[in-house]
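Participant: The following block contains the structure, expressed as structure tokens.
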Amino acid sequence: MKKLLFLVLMLTTLCAPAQDLKKIFKFATFYGAVNGGTSLSNVDVYSVTDGLTTTTIETPFDYSLALGVRKIARLGYENRANTFYNGTENTFSDAATIGKVKGFEFLFEVDYKRQEGIEYLDQHHFLRYVDDNWVAKVEYLEDGFADIRYFEASERYRYKVENLDELSFLPEALKKGKLSFNIGAVQRLSEPYGYDPLEEWKLSNGNLHYTFLALEEGYNANFISHDIIQYTDPEGNIVAENNEVWEAVVIPQVLADYTERKRNEQDNTIQHSLVVGFDYYYYTKSFWLHSWGNLMPWHYDDGGEFSFHNFNDGEQWYDYSGGLIFGYKYNKHLGVFLEGKYNKYWNREWHDFSIGMNYVIF
């Protein structure tokens, strides 16, 4: 939420002197919605250790709470019939570098979700200004399901290709589209991705000294006899009475808790990168194509302990993102579509896609 308040503050302080708030929020939509549904069905687990016993595992219902405000011009292929936003929309074009119109656009959305019993938070906020010759954007993204979170700012020079006739590889119809290229700088603030808290606990043969780590975390091993060991947690509760349970159940949780705590203890790092990209948009009522891409081929190495260069053997790497939205109506009855976006930052990947066909009988 601190990032959200920070971006809202930027919105009001940077833009208010140039234009009043009424103009800033003109055509913007504020929305809030609660969505829910049935999750996994109950599962019966049987045991015959001390006679037949049955345990029922229940998964609470799924839900999402969405709060947001957006001012983003709809592209030609986007559904204009929606009366209300409910926070479940999957608008791939929000990830594009260039919007439909020249000027200022923004999005602020927070989603609290529970899916299959797991609760997590999604956030996507950005401010974007598109001009004929330059693009500026600040963005905060948190995807709880993909476990990725970062703040990004970019400043780019934009070159619009006014005439596509010389691009012989394009079909004649697509030469009527709008194409632009951009180049500039990107600054990203994030946790030190690549940092492995377990690295210091690895032995020379590559194995992990997990029991010693657990003891350092407050767990204890009490030798009751030569073949009985009781393992206790930091509060003194017995968590395992044999090695099988200790290694299969307790140790995985110890490692998960340890790595999460150590990562949370680290300060965020800033990464300065070079970025090059493109954006192409073509639309008719029967055929449309929207594509964009961004490549970061070079990253500044500040020599810090948690610089990603250290986790990549001191070498440069490629970070990239892109999207494609395609639709074609063969006739008034049959149409096909393909939509998707893909990201790879710091060797972490997350993506969404949708593909299908529609057939209208009458």
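The values are calculated or read from the model by the stated rules, or taken from the named source; none is laboratory data. Only a predicted model underlies this, so the values are computations on that prediction, with no experimental measurement involved. Because the Cβ atoms are built from the backbone with ideal geometry, glycine has one as well, and the counts that use them run over all protein chains shown. The area values use the complete protein model at the heavy-atom level, side chains included, leaving out ligands, DNA and RNA. Shrake-Rupley method; radii C 1.70, N 1.55, O 1.52, S 1.80 Å.
Participant: Which residue pairs have Cβ atoms under 7 Å apart, sit 6 or more places apart or on different chains, and have a first residue in the range 36-51 that is closer than 24 Å to Tyr63 by Cβ and at pLDDT 80 or above and a second that is open to solvent by less than 80 Å² (accessible area, probe 1.4 Å) and hydroxyl-bearing (Ser, Thr, Tyr)?
Facilitator: Final answer for the pair search is Gly36/Tyr63; Ser39/Thr59; Leu40/Thr59; Asn42/Thr56.
Participant: While we're looking at this one, here's another question. Of all residues in the range 349-359, how many are open to solvent by 70 Å² or more (accessible area, probe 1.4 Å) and either of a type in the set (Lys, Arg) or over 30 Å from Ala185 (Cα atoms) (or both)?
Facilitator: Narrowing the range 349-359 to residues open to solvent by 70 Å² or more (accessible area, probe 1.4 Å): 349, 351, 353, 355, 357-359.
Subset that is either of a type in the set (Lys, Arg) or over 30 Å from Ala185 (Cα atoms) (or both): 355, 357-359.
Adding up the residues that qualify gives 4.
Per-residue answers, yes or no, for (1) among the basic types (Lys, Arg); (2) open to solvent by 60 Å² or more (accessible area, probe 1.4 Å):
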position: Lys202; (1), (2): yes, yes
position: Phe212; (1), (2): no, yes
position: Tyr219; (1), (2): no, no
position: Phe223; (1), (2): no, yes
position: Asn237; (1), (2): no, yes
position: Glu241; (1), (2): no, yes
position: Glu247; (1), (2): no, yes
position: Val254; (1), (2): no, no
position: Arg263; (1), (2): yes, yes
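Participant: So which residues in the range 282-303 are open to solvent by 40 Å² or more (accessible area, probe 1.4 Å) and hydroxyl-bearing (Ser, Thr, Tyr), if there are any at all?
Facilitator: Tyr283, Thr284, Ser286, Tyr300
Participant: Please enumerate the residues belonging to the range 313-338 that are within 17 Å of the chain's Cα centre (by Cα) and surrounded by 18 or more Cβ atoms within 10 Å (Cβ to Cβ).
Facilitator: Result: Asp319, Ser321, Gly322, Gly323.
Participant: Whether any residue in the range 122-139 is assigned to a strand (DSSP E or B), polar (S, T, N, Q) and open to solvent by 20 Å² or more (accessible area, probe 1.4 Å) is what I want to check. Let's see the steps before the verdict.
Facilitator: So in the range 122-139, the residues assigned to a strand (DSSP E or B) come out as 122-130, 134-139.
Pick out the ones that are also polar (S, T, N, Q) and you get 123.
Those still in the list that are open to solvent by 20 Å² or more (accessible area, probe 1.4 Å) too: none.
No.
Participant: Sticking with this structure for a sec: Take the range 181-208 and flag every residue that is out of contact with any Gly (no Cβ under 9 Å at 6 or more places or on another chain) and in a strand (DSSP E or B). Talk me through it step by step, then tell me what you get.
Facilitator: Here is the first cut: in the range 181-208, the residues out of contact with any Gly (no Cβ under 9 Å at 6 or more places or on another chain) are 185-191, 193-208.
Once the filter is applied, which keeps residues that are out of contact with any Gly (no Cβ under 9 Å at 6 or more places or on another chain) and in a strand (DSSP E or B), the range 181-208 yields Ala185, Val186, Gln187, Arg188, Leu189, Ser190, Lys202, Leu208.
Participant: Report, ordered by the first and then the second residue, all pairs with beta carbons closer than 6 Å, sequence separation of six or more or different chains, a first member in the range 88-99 that is among the polar types (S, T, N, Q), and a second member that is outside any loop (DSSP other than H, G, I, E, B).
Facilitator: Thr88/Asn35; Thr97/Gly277; Thr97/Asp279; Thr97/Trp292
Participant: Looking only at residues in the range 215-232 that are modelled with pLDDT of 90 or more and in a loop (DSSP other than H, G, I, E, B), which one is nearest to the chain's Cα centre (by Cα)?
Facilitator: The selected residue is Glu217.
Participant: Could you list, in sequence order, the residues of the range 88-105 that are of a type outside the set (Gly, Ala, Ser) and within 21 Å of Tyr342 (Cα to Cα)? Steps first, please.
Facilitator: Within the range 88-105, the first condition is being of a type outside the set (Gly, Ala, Ser), and the residues that meet it are 88-92, 94, 97-98, 100-102, 104-105.
Matches in the range 88-105: Thr88, Glu89, Asn90, Thr91, Phe92, Asp94, Thr97, Ile98, Lys100.
Participant: Next question. Only one residue in Gln271, Gln230, Gln266 is touching a Pro at 6+ places or on another chain (Cβ under 6 Å) and more than 30 Å from Val336 (Cβ to Cβ). Which one?
Facilitator: Values: Gln271 fails: touching a Pro at 6+ places or on another chain (Cβ under 6 Å); Gln230 fails: touching a Pro at 6+ places or on another chain (Cβ under 6 Å).
Checking each option against the conditions leaves just Gln266.
Participant: Another question, if that's okay. Consider Asn310 carefully, then state whether it is under 29 Å from Gly76 (Cα atoms) and either surrounded by 15 or more Cβ atoms within 10 Å (Cβ to Cβ) or free of Cβ contacts under 8 Å to residues at least 60 places away in the same chain (or both).
Facilitator: Details: under 29 Å from Gly76 (Cα atoms): no; either surrounded by 15 or more Cβ atoms within 10 Å (Cβ to Cβ) or free of Cβ contacts under 8 Å to residues at least 60 places away in the same chain (or both): yes.
Judged against the criteria, Asn310 is not a match.
Participant: Only one of (1) without any contact (Cβ under 8 Å) to a residue 12 or more places away in the chain; (2) farther than 14 Å from Leu198 by Cα; (3) more than 34 Å from the chain's Cα centre (by Cα) is not met by Val239, so which one is it?
Facilitator: (1)
Participant: Just the residues that are touching a Phe, Trp or Tyr at 6+ places or on another chain (Cβ under 7 Å) and either among the β-branched types (Val, Ile, Thr) or open to solvent by 30 Å² or more (accessible area, probe 1.4 Å) (or both), please, taken from the range 145-156.
Facilitator: Phe145, Ala146, Ile148, Phe151
Participant: In the range 162-197, how many are under 22 Å from Gly303 (Cα atoms) and either open to solvent by 60 Å² or more (accessible area, probe 1.4 Å) or aliphatic (A, V, I, L, M) (or both)?
Facilitator: Residues of the range 162-197 under 22 Å from Gly303 (Cα atoms): 185-197.
With the extra rule that they be either open to solvent by 60 Å² or more (accessible area, probe 1.4 Å) or aliphatic (A, V, I, L, M) (or both), the set shrinks to 185-186, 189.
Result for the range 162-197: 3.
Participant: Here's a check for you: in the range 44-68, which residue that is aromatic (Phe, Trp, Tyr) and under 13 Å from Val34 (Cβ atoms) is surrounded by the fewest Cβ atoms within 10 Å (Cβ to Cβ)?
Facilitator: Narrowing the range 44-68 to residues aromatic (Phe, Trp, Tyr): 46, 61, 63.
Cutting the leftovers down to under 13 Å from Val34 (Cβ atoms) gives us 61, 63.
Values: Phe61: 11, Tyr63: 15.
Here the answer is Phe61.
Participant: While we're on this one: Out of all the residues in the range 76-102, which are open to solvent by less than 40 Å² (accessible area, probe 1.4 Å) and at pLDDT 75 or above? Working first, answer last.
Facilitator: If we filter the range 76-102 for residues that are open to solvent by less than 40 Å² (accessible area, probe 1.4 Å), which is where we start, we get 76-78, 87, 91-99.
The answer is Gly76, Tyr77, Glu78, Thr91, Phe92, Ser93, Asp94, Ala95, Ala96, Thr97, Ile98, Gly99.
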